[in-house]
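Here the structure is laid out as structure tokens; the discussion comes afterwards.
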Amino acid sequence: MGDQNNYIIDIEHLSKSFGDNQVLKDISLYIRKGEFVTLLGPSGCGKTTLLRMIAGFLQPDEGTIMMEWDSKGGKTEFRDVAGIPPHQRPLNTVFQRYALFPHLDVYDNIAFGLKLHGVPKDEIDTRVRKVLKLVSMSDYEDRDVESLSGGQQQRVAIARAIVNRPKVLLLDEPLAALDLKMRQDMQLELKEMHQKLGITFIYVTHDQSEALTLSDTVVVMNEGKIQQIGTPTDIYNEPVNSFVADFIGESNILNGTMVHDRKVNFIGHDFECVDEGFGENNPVDVVIRPEDVYLGYELEGAQFSGTVKSCVFKGVHYEMYVDTDSGNELQIQDYDAFEPGRTVQMLIHPDDIQVMKKERVENVIDCKVIDETHIEMFGEEFECKPIHSTGSGSVESGTQAKAHIQFSKVDLMDHEEEGNESGEVWFILYKGNHYHLTVKTESGEYVYVDTNDIWDKGDLVGIKILPEDITVETADEQEK
Amino acid sequence: MSKRSNWAIPYFIFLVLFVVLPLVLIVVYALQDGNGSFTLSNVTRFFTDSDALSTFAVSVEVAIENTLICLLLGYPAAYILADKNLNKSAVTVILFILPMWINALMRTLATAELFNVFGFTLGKGTLLFGMVYDYLPFMIYPIYNVLLKMDKSYAEAASDLGATPVQVFGKVTLPLSMPGIFSGILMVFMPTVSTFAISEFLTNNKIKLFGTIIQENINSSMWNYGAALSLIMLVIIGLTTILLGGDEREVEGGTI
């Protein structure tokens, strides 16, 4: 875990639910002094909830948040902040929609915190002017906050937070409301400010490029869980799972088989790689970044070939989609353009192949036995393959069991009524020759589906599973 | 004139017939004597008529008292109604607004009857009770509306910057709810100055309000003086509105 004295915040086993919806599941995370940490993830992944818990607006259901704390005697200690209200915590927040007080001018907005802490008037004056200068808003102190542009309001919001010299600055998607150019300028300024102030920044965003640009450490979150923690380069070059690979940058995510150490098979060919320890003939996910595939009409050492399907100029590089000889589609970026329709040869270097353990190879769903050919799953009744009774004879109704269903055996229907259960397409991953979908059922469980059909995120679908595709394994079988 | 602006014609006619014309008539009557010649005597008579002046003073006093009581009772009620942690159901809001659905006269008559049954002496106390009962929803609703629409992040930002819950209220929530308060004050103060039915039923005319003397004058065919009194009241209400900067704010938090 490293040097504990260096931590400013230590979060252990944090969980939080809103009603039936568990938004954070067992989050553990530590933050070093002076670090720029980004919580990155799609909307609904729990990143804002985590930030609000650190700020004290929400209380965790389980787990603890420890924070560096200046006690009265001038000593710093590490203490559990459970139950301590936001106004007593040594941190300040920059809110997503700024939350500048509309009844106060720029100066009074920034001086708000200092006045509350009884700082003498002269000192307030010097400090407010100093931060105004830092955010390049010196001439605006008498302005009405509502007369400012989005970018200027953003600067005032940052000034209002840092003028209090917090130990930690929390930023909740502070740039989300700005346009692209403005956002890029502010990113650089934020980074500069961070270096100048030496305060720890915890930054929430759903924008992966922002996270990679700004952070010392990126925490990738999804569905209430931390997926990966690492430096921007680590996260980009060595994603731990297909979610991270897909979320960070562009990538080709493909099904593969680990032949043996340092050799992996995907898109119908064997490739040398640098990964070890995945066993022999085990299914894996393979990530290839688009810029890591080398292309040529005639290429020395080519490993496979394909046909260029499309080629689009993207400013610095060309983006191409190539159908490989094995029928997979690859996204490739290159500085040279290759004509659509032409045959090209390709090669991938061993260290550009990122092999990841598959998170799952089939659906395993908790269910309850009704009788020998029926189970209750997602709160609905499903017919299944006859359940093998183990020794004692009949299968007891009400026993807990697990249903195994292959990804490709789950059918999605246009109309919700057509399926045994309805759900919403939650996450889509293109795997070169098919889509791997995550569907959230109405009962809140996840079903994974392999399909060639094109669905959009948020589509409402019926989920249909044929009886012969549901294999039920009872608890006693698992024990064996 | 484009086609769409033709749609405004019926409303224009309505306004002329039922708002502008009566106002003009009030001004004309107020500035005439019984024979129809121009005079300012009706207006000057008010300022020398000690009975009318004292009635006016009582009216304003009662209206101020009523407005203050409504504000003191109404603000906390609106605050509780708008807080999702304290009030989880829309039914409570409706219960507070429900009396507005029933004619004020009927409510006042019923209140008077209750006072009779329980043997209360009719007077200032019963008058204020009736007024607060009648006008409280008009104070609660605009404040509730403003509080409900207020972005929660203002309060969070204040608390994040070190404000205790009491300071959050005093320095952020209260100042930001001022438009609702102004609206409420206007909607309670203005009609109480001119009311007469409530004082008639709840004090048996023991306490006369400004509205009462207007009504008495008109009833006894003294149209010119009655019109002058109405005009004076209109000016006072107009001044109050301007003082509170009500015109635009009322739109924001005012009606249902």
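Going through region A:214-237 one residue at a time, which ones are assigned to a helix (DSSP H, G or I) and at pLDDT below 90?
Let us first name the residues in region A:214-237 that are assigned to a helix (DSSP H, G or I), namely A:214, A:232-237.
Residue satisfying the conditions is A:ASN237 alone.
Residue by residue, here is whether (1) more than 14 Å from chain B (Cβ to nearest Cβ); (2) touching a His at 6+ places or on another chain (Cβ under 9 Å); (3) not in a loop (DSSP other than H, G, I, E, B) holds:
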{"residue": "A:CYS45", "(1), (2), (3)": "yes, yes, no"}
{"residue": "A:THR64", "(1), (2), (3)": "yes, yes, yes"}
{"residue": "A:TRP69", "(1), (2), (3)": "yes, no, yes"}
{"residue": "A:LYS72", "(1), (2), (3)": "yes, no, no"}
{"residue": "A:PHE78", "(1), (2), (3)": "yes, no, yes"}
{"residue": "A:ALA82", "(1), (2), (3)": "yes, no, no"}
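Among the residues that make up region B:88-102, is at least one of them touching a residue at least 24 places away in the same chain (Cβ under 8 Å) and either within 14 Å of chain A (Cβ to nearest Cβ) or not in a helix (DSSP H, G or I) (or both)?
No, that holds for no residue.
Does B:PHE138 satisfy being aromatic (Phe, Trp, Tyr), surrounded by fewer than 17 Cβ atoms within 10 Å (Cβ to Cβ) and out of contact with any Cys (no Cβ under 7 Å at 6 or more places or on another chain)?
Values: aromatic (Phe, Trp, Tyr): yes; surrounded by fewer than 17 Cβ atoms within 10 Å (Cβ to Cβ): no; out of contact with any Cys (no Cβ under 7 Å at 6 or more places or on another chain): yes.
No, not satisfied.
Residue by residue, here is whether (1) outside the structural domain of A:ASP469 (by TED's automatic domain parsing); (2) under 30 Å from A:LEU299 (Cβ atoms); (3) touching a Cys at 6+ places or on another chain (Cβ under 8 Å) holds:
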{"position": "A:TYR318", "(1), (2), (3)": "yes, yes, yes"}
{"position": "A:GLY341", "(1), (2), (3)": "yes, yes, no"}
{"position": "A:ILE387", "(1), (2), (3)": "no, no, no"}
{"position": "A:GLU396", "(1), (2), (3)": "no, no, no"}
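Where residues in region B:154-171 are of a type in the set (S, T, N, Q) and assigned to a helix (DSSP H, G or I), which of them is nearest to the other protein chains (Cβ to nearest Cβ)?
Step one: of region B:154-171, the residues of a type in the set (S, T, N, Q) are B:159, B:164, B:167.
When the remaining residues are screened for being assigned to a helix (DSSP H, G or I), the result is B:159, B:167.
On the way: B:SER159: 5, B:GLN167: 6 Å.
Among them, the one singled out is B:SER159.
Taking the options A:PRO174, A:PRO166, name whichever one is part of a loop (DSSP other than H, G, I, E, B) and buried (at least 23 other Cβ atoms within 10 Å of the Cβ).
On the way: A:PRO166 fails: buried (at least 23 other Cβ atoms within 10 Å of the Cβ).
Answer to the selection: A:PRO174.
Kindly indicate the residue of region A:10-43 that is among the small types (Gly, Ala, Ser) and part of a strand (DSSP E or B) and also nearest to the other protein chains (Cβ to nearest Cβ) among those meeting that condition. So that I can check it myself, show each step before the final result.
Filtering region A:10-43 down to residues among the small types (Gly, Ala, Ser) leaves A:15, A:17, A:19, A:28, A:34, A:41, A:43.
After this cut, where a residue has to be part of a strand (DSSP E or B) as well, the list is A:15, A:17, A:28.
On the way: A:SER15: 22, A:SER17: 17, A:SER28: 25 Å.
Once the filter is applied, the top-ranked residue is A:SER17.
Assess whether A:VAL131 counts as being of a type in the set (Val, Ile, Thr), within 14 Å of chain B (Cβ to nearest Cβ) and touching a strand residue (DSSP E or B) at 6+ places or on another chain (Cβ under 6 Å).
Working: of a type in the set (Val, Ile, Thr): yes; within 14 Å of chain B (Cβ to nearest Cβ): yes; touching a strand residue (DSSP E or B) at 6+ places or on another chain (Cβ under 6 Å): no.
In short, no.
Have a look at B:LEU174, B:LEU136, B:LEU147 and point out the one that is at pLDDT 90 or above, part of a helix (DSSP H, G or I), away from chain A (no Cβ under 14 Å) and within 30 Å of A:ILE158 (Cβ to Cβ). Give the steps one after another, and end with the answer.
Values: B:LEU174 fails: away from chain A (no Cβ under 14 Å); B:LEU136 fails: within 30 Å of A:ILE158 (Cβ to Cβ).
Exactly one residue qualifies, and that residue is B:LEU147.
Quick test of your reading of the structure: A:VAL284 fulfils all but one of (1) in the same structural domain as A:GLU68 (by TED's automatic domain parsing); (2) assigned to a strand (DSSP E or B). Name the failing condition by number.
(1)
If you scan region B:87-127, which residues turn out to be aromatic (Phe, Trp, Tyr) and surrounded by 10 or more Cβ atoms within 10 Å (Cβ to Cβ)?
As a first pass, look at region B:87-127 and keep what is aromatic (Phe, Trp, Tyr): B:96, B:101, B:115, B:118, B:120.
Selection gives B:PHE96, B:PHE115, B:PHE120.
Looking at region A:33-57 only, could you name the residues that are more than 23 Å from A:PHE247 (Cα to Cα) and of a type in the set (Gly, Ala, Ser)?
Those that are more than 23 Å from A:PHE247 (Cα to Cα) and of a type in the set (Gly, Ala, Ser): A:GLY34, A:ALA55, A:GLY56.
Filter region A:103-120 for residues that are outside any helix (DSSP H, G or I) and more than 7 Å from chain B (Cβ to nearest Cβ) and give the result.
Keep residues of region A:103-120 that are outside any helix (DSSP H, G or I), which gives A:103-105, A:117-120.
Selection gives A:LEU104, A:ASP105, A:GLY118, A:VAL119, A:PRO120.
For region A:266-281, what are the residues that are surrounded by fewer than 16 Cβ atoms within 10 Å (Cβ to Cβ) and of a type outside the set (Asp, Glu)?
The initial filter retains those residues of region A:266-281 that are surrounded by fewer than 16 Cβ atoms within 10 Å (Cβ to Cβ), namely A:268-270, A:272, A:274, A:276-277, A:279-281.
Scanning region A:266-281 gives A:GLY268, A:HIS269, A:VAL274, A:GLY277, A:GLY279, A:ASN281.
Run B:SER50 past the list (1) closer than 21 Å to B:MET139 by Cβ; (2) at pLDDT 85 or above and report the number of the one that doesn't hold.
It fails just one condition, (1).
The values are calculated or read from the model by the stated rules, or taken from the named source; none is laboratory data. It should be emphasised that the depicted structure is a prediction, and the values quoted were computed from it without experimental measurement. Glycine also receives a Cβ, built like all others from the backbone with ideal geometry; neighbour counts cover every protein chain displayed.
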